[in-house]
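Colleague: Sharing a structure, written as structure tokens. Questions coming.
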Amino acid sequence: MAVEAEAKVRVDCSEFAEIESRLASLGFSLVYSGVEEDVYYSHPCRDVVETDEAIRVRRSSAGKKVTYKGPRMGGRVKARVEYEARVDGDIEAILERLGFRPAIVVRKSRRMYRGGSAIVTLDSVEGLGCFVEVESLDGSEEPVISVVKMLGLDPGVMITESYATMLMRLRG
């Protein structure tokens, strides 16, 4: 179990090169670059949107992971308990046999950088656009806000919604 603390800032995709330059000057290193597909599932017995939970299967070149995200804890950034496990095999079939159903798919190109007490990802999300996502490695919100400022972005426009929530709202 870990506490995930993160926030996003929407940017124009053309800003990625400048942000990558700032990340390098701040000592961040590229640790991953690839395409990810996240399938979020509805629960057979409760409305996970109402309970503010999520169950997701992520496929990428790094493999497959299943993640449970608990309800938000509050604060200026999105903080929640998260359980994650790498999986082999057909986890999707297992979930579906248990009554879970695919609810929404999020596809994104992602470049992930690590430095100090934070991870910064530059995401190009299909149907939504480009975002800088900052996550604290220790689950606290201060590193998130600090890195957003160091990147020259405005903490006043931080987004705490997930990409899945944004896509659901967009699609009605």
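Colleague: Please state which of the following conditions ARG114 fails to meet, knowing it meets all the rest: (1) surrounded by 15 or more Cβ atoms within 10 Å (Cβ to Cβ); (2) modelled with pLDDT of 95 or more; (3) of a type outside the set (A, V, I, L, M, F, W, C); (4) touching a helix residue (DSSP H, G or I) at 6+ places or on another chain (Cβ under 8 Å).
Modeller: Here ARG114 clears every test but (4).
Colleague: Moving on to the next point. In segment 90-106, what residues are part of a strand (DSSP E or B) and either surrounded by 14 or more Cβ atoms within 10 Å (Cβ to Cβ) or among the β-branched types (Val, Ile, Thr) (or both)? Show your work before the answer.
Modeller: Filtering segment 90-106 down to residues part of a strand (DSSP E or B) leaves 101-106.
Result: ALA103, ILE104, VAL105, VAL106.
Colleague: List the number of the failed condition for ASP138; all other conditions in (1) in contact with a Phe, Trp or Tyr (Cβ under 6 Å, 6 or more places away or on another chain); (2) part of a loop (DSSP other than H, G, I, E, B); (3) among the charged types (D, E, K, R) hold.
Modeller: (1)
Colleague: Still on this model: Give me the residue from segment 117-156 that is hydroxyl-bearing (Ser, Thr, Tyr) and more than 16 Å from GLY74 (Cα to Cα) and, out of that set, nearest to the chain's Cα centre (by Cα). Steps first, answer last, please.
Modeller: Here is the first cut: in segment 117-156, the residues hydroxyl-bearing (Ser, Thr, Tyr) are 117, 121, 124, 136, 140, 146.
Subset that is more than 16 Å from GLY74 (Cα to Cα): 117, 121, 124, 146.
Working: SER117: 17, THR121: 9, SER124: 12, SER146: 18 Å.
Looking at the filtered set, the residue picked out is THR121.
Colleague: I need the full set of residues from segment 151-161 which are surrounded by fewer than 19 Cβ atoms within 10 Å (Cβ to Cβ) and not charged (D, E, K, R), in order please.
Modeller: GLY152, PRO155, GLY156, VAL157, ILE159, THR160
Colleague: Could you identify the single residue in ARG76, ARG114, ARG110 that is more than 25 Å from GLY172 (Cα to Cα), assigned to a loop (DSSP other than H, G, I, E, B) and in contact (Cβ under 8 Å) with a residue 24 or more places away in the chain?
Modeller: The unique qualifying residue is ARG76.
Colleague: Tell me, yes or no, whether segment 57-73 has at least one residue that is without any contact (Cβ under 8 Å) to a residue 12 or more places away in the chain, outside any strand (DSSP E or B), exposed (fewer than 15 other Cβ atoms within 10 Å of the Cβ) and not polar (S, T, N, Q).
Modeller: no
The values are calculated or read from the model by the stated rules, or taken from the named source; none is laboratory data. Note that this is a predicted model, so its numbers are computed, not measured. Every residue, glycine among them, receives a Cβ derived from its backbone with ideal geometry; neighbour counts consider all protein chains shown.
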